[in-house]
Amino acid sequence: MKNSRRKQVQDLLFHNLDRVEETMKTAFDINVLRDTGDARDFIKLMFHRRHGYEHDGGVATARYVRESGDVGIAEGTLIRESMGNVHKLIGCLNRMAETIEADFHEIFPPEPFCIEAEKDRKARQATFKN
């Protein structure tokens, strides 16, 4: 990968889902949202909320109100999350990760030796769980 493209990928911020989607398609021909159905707006909202929790103490900023698509929230309001949203987000993130992994392995097929070594490791690990 050329340095300019590598920097573009390394500088991705997932709270800007549009840019992530475009960069992953352009750089790797990977559509990260392929298996998320109609959850695009929800995922975008959740990434904005995560940013708000992480950097703004969970308080809606003017930027959050402007860019998130969270209707009915005013600047300065404490952002709240429901258990349903958390479960839905985990499912969406899982599908996104599975898509990235599957498409990445289409680009760089895994070595059979590595797959077998991982199976062996998991089998050995399972014997210690009991």
Looking only at region 43-54, decide whether some residue is over 22 Å from L13 (Cβ atoms) and of a type in the set (A, V, I, L, M). no
Given (1) in contact with a helix residue (DSSP H, G or I) (Cβ under 7 Å, 6 or more places away or on another chain); (2) surrounded by 12 or more Cβ atoms within 10 Å (Cβ to Cβ); (3) of a type in the set (V, I, T), identify the lone condition not met by T99. (1)
Among the listed residues G91, G37, G76, identify the single one that is at pLDDT below 95 and small (G, A, S). G37
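A quick yes/no check of all residues on (1) over 14 Å from H15 (Cβ atoms); (2) in contact with a His (Cβ under 8 Å, 6 or more places away or on another chain):
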position: T36; (1), (2): yes, no
position: R63; (1), (2): no, no
position: S68; (1), (2): no, yes
position: R80; (1), (2): yes, no
position: M83; (1), (2): yes, no
position: G91; (1), (2): yes, no
position: P112; (1), (2): yes, no
position: I115; (1), (2): yes, no
Of the residues in region 20-52 that are more than 17 Å from N94 (Cα to Cα) and small (G, A, S), the one that is least open to solvent (accessible area, probe 1.4 Å) is G52
Criterion first (modelled with pLDDT of 95 or more, loosely packed, with under 10 Cβ neighbours inside 10 Å and not aliphatic (A, V, I, L, M)) does G84 satisfy it? yes
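For residues that are among the basic types (K, R) and not in a helix (DSSP H, G or I), scanning just region 1-41, find the one that is nearest to D103 (Cα to Cα). Before the answer, list the steps.
As a first pass, look at region 1-41 and keep what is among the basic types (K, R): 2, 5-7, 19, 25, 34, 40.
Imposing the further condition that a residue be not in a helix (DSSP H, G or I) reduces the set to 2, 34.
Numbers: K2: 20, R34: 11 Å.
By that ranking, first place goes to R34.
Provide a single number: the residues in region 102-111 that are surrounded by 10 or more Cβ atoms within 10 Å (Cβ to Cβ), free of Cβ contacts under 8 Å to residues at least 24 places away in the same chain and not aliphatic (A, V, I, L, M).
Here is the first cut: in region 102-111, the residues surrounded by 10 or more Cβ atoms within 10 Å (Cβ to Cβ) are 102-106, 110.
In the following step, the residues that additionally are free of Cβ contacts under 8 Å to residues at least 24 places away in the same chain were identified as 102, 105-106, 110.
Right, trim to not aliphatic (A, V, I, L, M) and you get 105-106, 110.
Looking only at that region, the number is 3.
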Since S68 meets every condition but one in (1) surrounded by fewer than 15 Cβ atoms within 10 Å (Cβ to Cβ); (2) closer than 18 Å to V86 by Cβ; (3) of a type in the set (S, T, Y), which condition does it not meet? (1)
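I'd like to know if region 112-123 contains one or more residues that are under 19 Å from K44 (Cβ atoms), at pLDDT 90 or above, out of contact with any Leu (no Cβ under 6 Å at 6 or more places or on another chain) and surrounded by fewer than 13 Cβ atoms within 10 Å (Cβ to Cβ). I'd like the intermediate steps shown before the answer.
Just the residues of region 112-123 that are under 19 Å from K44 (Cβ atoms), to begin with: none.
Scanning region 112-123 turns up no residue that is under 19 Å from K44 (Cβ atoms), at pLDDT 90 or above, out of contact with any Leu (no Cβ under 6 Å at 6 or more places or on another chain) and surrounded by fewer than 13 Cβ atoms within 10 Å (Cβ to Cβ).
The values are calculated or read from the model by the stated rules, or taken from the named source; none is laboratory data. None of the values given here were measured: they were computed from a predicted structure. We place every Cβ from the backbone using ideal geometry, glycine too, and count neighbours over all the protein chains shown. The area values use the complete protein model at the heavy-atom level, side chains included, leaving out ligands, DNA and RNA. Shrake-Rupley method; radii C 1.70, N 1.55, O 1.52, S 1.80 Å.
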